[in-house]
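The structure appears below as structure tokens.
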Amino acid sequence: MVDIIARLRCEKLLTDEGVSRVRTALAEKKSLDEALLSCGELEESRMLACLADEFDVPMVDLSKEHPTRDFLSAFPARILFKHRLLPLRRQDDGSVLVAVSRLFDRAGLDELRLLLGWDCQPALVSADEIERALKEYLGVGADTVQSLVSGAGETVEIIDRNLDDTMDLTQAAEDASIIRLVNEVLLEAINLRATDVHFEPFENELRVRYRIDGVLKDAAVPAETRRFQAAIMSRLKILAHLDIAEKRLPQDGRIKLRIAGREMDIRVSVIPMLYGEAVVLRLLDRTAAMIGLEHLGMAASDCAIFQKILGLPHGIVLVTGPTGSGKTTTLYAALSRINDIERKIVTIEDPVEYQLRGVNQIQVSGKTGLTFARGLRSILRHDPDVILVGEIRDRETAEIAVQASLTGHLVFSTLHTNDAPSAPTRLIDMGIEPYLVSSSLEAVLAQRLVRLICRSCRTPVPESELQRVRKEYSRPELRELYRGAGCRECQNTGYRGRSGLFEVIMVDQTIQELILQRGSAHTIRQAAVQQGMNSLRQDGWRLILEGRTTLEEVLRVTKDERCNGPRN
């Protein structure tokens, strides 16, 4: 031990003060690796490299090691997680090569040797790498599930056979292991930046999926989790203050948690399915900073138009797009920009996703009969300057919003249409007179979200593919195309993070006349293109040319509009 400390001092990896701290830690009976880390001067990767060289122990790259699930099933998950051990493979001499992060903590290897009768040889890997690999190969909460399986007695079996046994189910849901398992799944979802967690029961499995950057991805959970499905669902219901005895009707609730130092607001939806209840959790980070308009991903020209829209004294501004396209985020960014002491802003939402300082927010409530239409009528008596209606769902709400805009209010809302030109025709289809739509509607913004290429593994595509794309899409200005190769940072998807695609229509006199004539969405689109509008597909090409997203991603979320021409 003295030799390696002296060596680190000679190589200037440790100062005299660091050496003193290491020796103090050793005197306190800490292992050498823990003592070296505790001095605060040596990174774990550098320490492991020094130990590997000094004691002739191999270091391995887990990206090149792929132990099979069958091989790992021979080892108790409880021990692997407790001691951060990852068995890698059987060696020629019959021993097992095991990845460890602490060379001098022999308790885990000794425990495996006693249980299995196999000699275990250490290979050094960082603790974080081992933990990540354990979750990938064994599943989130594998140690917890194994302890449940080994300790599952008659109570759990009764719960599985008789789902209406409310007392037993409540007790099982409050079992420490079930609580820990649910917490581990939630923590993993948050660490992976998931926006939703899906618990889906099938005949032979309980599938758990995370929605990351708008795309669902299977979560690695042990197959035995299916046995504890009822208790897991009940735990989630208890957290959301729902009726655990009701298993025939859909229920909605809310959970407020503090996880890893972050306040999370979780919306819970429970729906009975063929093989049990399915639960979807929408994760909302309450401590996340509100993003500004400059961070939405708008092109400079569209951002300038939107800034102009925010300065309007009255009228309706609509943001359109499918569920999950970022409409609420855009509206919150807009309200944050115009929120000042001179304006009174009132919102009515279902639900209130984020709290905006200085903004009066109302939440729709089906139990009390507070609908969008009823709330909007009351808002008008509160002398607002700006009104946000979470969504125009019906004719009544649309009519009140139009009247509010015509009486001097700036009204923001969302509408479910595929593109911006379809918004006026959708309002007319709802029963709003064309002359009211033309006189009240000021602007429409349609948007989508595309995944961005992971910066850690971004690589250029081959020249042959680049030439093909140039020719097929008539893009001679295309100099380079990129895609993500897949790495640990992006969970091997090649994408990390998202940005918006936008098309913006300012309702000018030409478009007003088309609305009065009940013009089709296609006709309105042609007029908007003449006005200078870029379509969603064209805005996607902007991100492709900047090397920020892929052609496949833009094609996935947009459709080709043949009438569009490029903006000059």
Distance from segment 385-416 to segment 490-562 (C-alpha centre basis), Å: 24
Reachable aspartates and glutamates from Lys308, criterion Cα separation under 19 angstrom, eight or more residues apart if same chain: Glu294, Asp340, Glu342, Asp385, Glu442, Glu503, Asp508
Using +1 at the Cβ of each Lys and Arg and -1 at the Cβ of each Asp and Glu in segment 317-444, identify which of Gly375, Ala334, Val411 lies farthest towards the dipole's positive end. Gly375
Amide H neighbours of Ala278 at under 5 Å, excluding residues fewer than 5 places away on the same chain, with H built from the backbone geometry, are Ile271, Met273
With every protein chain kept in place and ligands, DNA and RNA left out, what is the accessible area per residue of segment 1-85? Probe 1.4 Å, answer in Å². 59
Given the pairs Lys247/Lys367; Lys471/Lys559; Lys256/Lys559; Lys256/Lys327; Lys217/Lys559; Lys217/Lys471, which span a C-alpha to C-alpha distance of over 27 angstrom in this model? Lys256/Lys559; Lys217/Lys471
Would you tell me the accessible area of Ser269, worked out with a 1.4 angstrom probe on the heavy atoms of the protein chains, in Å² to the nearest 10? 40
With every protein chain kept in place and ligands, DNA and RNA left out, what is the accessible area per residue of segment 254-407? Probe 1.4 Å, answer in Å². 49
Which one of Leu114, Ala6, Leu32 is farthest out on the positive end of the charge dipole of segment 1-146, using unit charges on Cβ (Lys, Arg +1; Asp, Glu -1) and the Cα centre as origin? Leu114
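About the Cα centre, and with charges only on the beta carbon of Lys, Arg (+1) and Asp, Glu (-1), how big is the dipole of the chain? Nearest 20 debye, please.
1240
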Order of exposure, largest accessible area first, which applies to Thr368, Thr550, Thr15 with probe 1.4 Å: Thr368, Thr15, Thr550
Correct choice for mean projected area of the Cα convex hull in nm² that was computed from the model, options (1) 33.9; (2) 29.5; (3) 31.8: (1)
Taking H placed 1.01 Å from N in the peptide plane, check which residues at least 5 places from Leu370 or on another chain put their amide H under 5 Å from its amide H. Ser365
About the Cα centre of segment 304-449, what is the dipole size in debye to 20, counting +1 per Lys and Arg Cβ and -1 per Asp and Glu Cβ, all else neutral? 240
Highest average packing first - 115-123, 481-489, Cβ atoms within 10 Å: 481-489, 115-123
Euclidean distance between Cα centres, segment 1-59 to segment 198-254, Å: 46
Å² per residue, accessible surface of segment 410-493 at 1.4 Å: 46
Descending accessible area (1.4 Å probe), largest on the left, turns Thr371, Thr425, Thr323 into Thr323, Thr371, Thr425
Would you list, by chain and number, the lysines whose Cα falls below 30 Å from the Cα of Lys30, excluding same-chain residues fewer than 8 positions away? Lys12, Lys82, Lys135
Could you check what % of the DSSP bridge pairs in the chain are antiparallel, to the nearest 5? 65
Over the chain, with every protein chain in place, what whole percent of the accessible area is carbon and sulfur at 1.4 Å, could you tell me? 48
Provide Val554, Val529 ordered by accessible surface of protein heavy atoms (probe 1.4 Å), highest first. Val529, Val554
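The values are calculated or read from the model by the stated rules, or taken from the named source; none is laboratory data. Since this is a predicted model, take the numbers as computed values, not measurements. Cβ coordinates were reconstructed from backbone atoms using ideal geometry, including for glycine residues, and neighbour counts include every protein chain displayed. Ligands, DNA and RNA are stripped out before the accessible areas are found, and what is left, the full protein with its side chains, is counted by its heavy atoms. Shrake-Rupley method; radii C 1.70, N 1.55, O 1.52, S 1.80 Å.
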